[in-house]
1. Excluding same-chain residues fewer than 8 positions from residue 21, which lysines have a Cα within less than 30 Å of its Cα?
2. Would you calculate, for the chain, the mean residue ellipticity at 222 nm contributed by helices, counting each DSSP H stretch of 4 or more residues as -39,500 (n - 2.57) and dividing by all residues, to the nearest 500?
3. Residue 235: net charge of surrounding residues, Cβ under 11 Å, Lys/Arg +1, Asp/Glu -1, itself excluded?
4. Around residue 24, what is the net charge, scoring Lys/Arg as +1 and Asp/Glu as -1 over all other residues with Cβ under 15 Å from its Cβ?
5. What percent do you get for the relative contact order of the chain when only Cα pairs under 8 Å and 6+ apart count?
6. Label residue 387 and residue 88 with points 7 Å out from Cα along Cα→Cβ: what is the distance between them in nm?
7. Using the count of nearby Cβ atoms within 10 Å as a rough guide to exposure, how do 5, 130 rank from fewest to most?
8. Of the peptides 99-112, 260-273, how do they stack up when ordered by the mean number of other Cβ atoms within 10 Å, highest first?
Amino acid sequence: MSERKDPQRIGVLGATGSVGKSTLDVIAQHPERYQVTALAAHQDSAGMEALARAFQPQYVVMANEHAARDLRRALSDCRGIEVHSGPEALVAMAADPVIDTVVAAIVGAAGLPACLAAVEAGKRILLANKEALVMAGDLLIRAARASGATILPIDSEHNGLFQCLPVDRQGVADLTGVEQLWLTASGGPFRERDPATLSSVTVEQACAHPNWAMGQKISIDSATMMNKGLEVIEACRLFGLPAAQVSVVIHPQSLVHALVQYRDGSMLAQLGAADMRVPIAQALGWPDRLQSGVSGLDLATIGSLEFLPPDDQRFPCLGLARQALIESPGATVALNAANEVAVEAFLNRSLRFDRIAGVIDATLAMMEHKVDTALEALLEHDQRARVNAQQQLSQWSQ
Ligand code: NDP
Ligand code: MG
């Protein structure tokens, strides 16, 4: 008789977001394999209440205290579900021994401390929170090697690369014979828009990605192509390659997610529908293959796939990210922080879309970027960059 394995116990950081919900959708298709043990978010108490009722975790965490209080009231009839609160509770959840796999899907720098805690605790981590790698890639990768944690990328391009590379049992890729990694980019909603009109772009237009449905911040990052810049940094950190070995190609259909070019001239590509459940299911099940709820592609109906060079003039953020990557790890911390501040200002309608890159560039130019790679030093540099970016905003705001 074959032995029945206990279900894997999962904690989802950023459960109420786009990636969080896609993850829970895949998990719900495999109740025999996965059990949701804990869920965490920031302030969406209504969204969390619905998830808690559906998945019955042992506990939930709300980073915001008021949201936690609302949620405690809302879940008062569910005695089995505890509600914890505050940023330190996120870190405790990420390291909780009752959890086997942590899904790191908080948006932005706010996700870094919990992500690092999960890595230091030796968990299996499904990593969507690219900003954590941009800020602290070396620290996270070193911590994973020391603790035995397995980092599985679910950002679709990096998951595509992971699938095209040979990997060991800890999920570490062997890059022998690899000449170049290629990330595809859709080009976002403004790939063909007259650059002279980018000054009048609205939040609604910038959030309307042609192929992917995502959270607001990454949607704006996709429209400026900072998302691809962050992803170039993410790829270098994850796979330990220099900037020159990671390239970007525009692919408007978003069906080929990444390619690995080997020295013999072979290129391996990963294809799939533009639906995050595909990379999430791959990482969740790895090394097994699970149903994701998404079908394969009907290539004959799709007919053709296009590839074009990126337009650096139209999308200066891509160049800024590369420059920061080449300069130093501290510069990528400041790049990420300034971008978060500028994107938030655009979302609040106090900064023009075409000034996002200018704010980031000016912030980086104000600073020295020599920083120690310890978490505290990185967070301090992040804070300094935020203060400087706010100062820039007062000059660039409309
Ligand atoms: P969303 O904005 O949809 O969701 C963000 C999640 O993070 C929400 O659950 C939010 O909680 C939570 N959150 C935000 N701030 C905090 C905080 N301070 N403390 C705790 N939780 C917090 O984002 P996405 O799901 O789109 O993106 C998540 C990450 O995944 C990003 O890093 C993004 O770059 C990456 N990614 C996303 C993809 C996508 O398709 N969406 C694709 C590839 C990568 P609340 O709802 O309560 O505010
Ligand atoms: Mg991506």
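1. 5, 123, 130, 217, 228
2. Values: 16 runs with 181 residues, N = 398.
Taking each H run of at least 4 residues, the total per residue is -14000 deg cm²/dmol.
3. Values: positive: 130, 228, 237; negative: 155, 157, 231, 234.
Net local charge, residue 235 excluded: -1.
4. Values: positive: 9, 21, 33, 53, 277; negative: 25, 44, 49, 275.
Counting the neighbours of residue 24, the net charge comes to +1.
5. Numbers: 753 pairs, mean separation 56.3, N = 398.
Value for the chain: 14 percent.
6. Going by the 7 Å Cα→Cβ label model, 2.4 nm.
7. Working: 5 8, 130 29.
Going from least to most buried by this count: 5, 130.
8. So the peptides 99-112, 260-273, ranked by packing, come out 99-112, 260-273.
Every number here is computed from the coordinates shown, using simple stated rules; none is lab data. Just so you know, these numbers come straight off a predicted model, no measurement behind them. Virtual Cβ from ideal backbone geometry, glycine too; neighbours counted across all protein chains shown.
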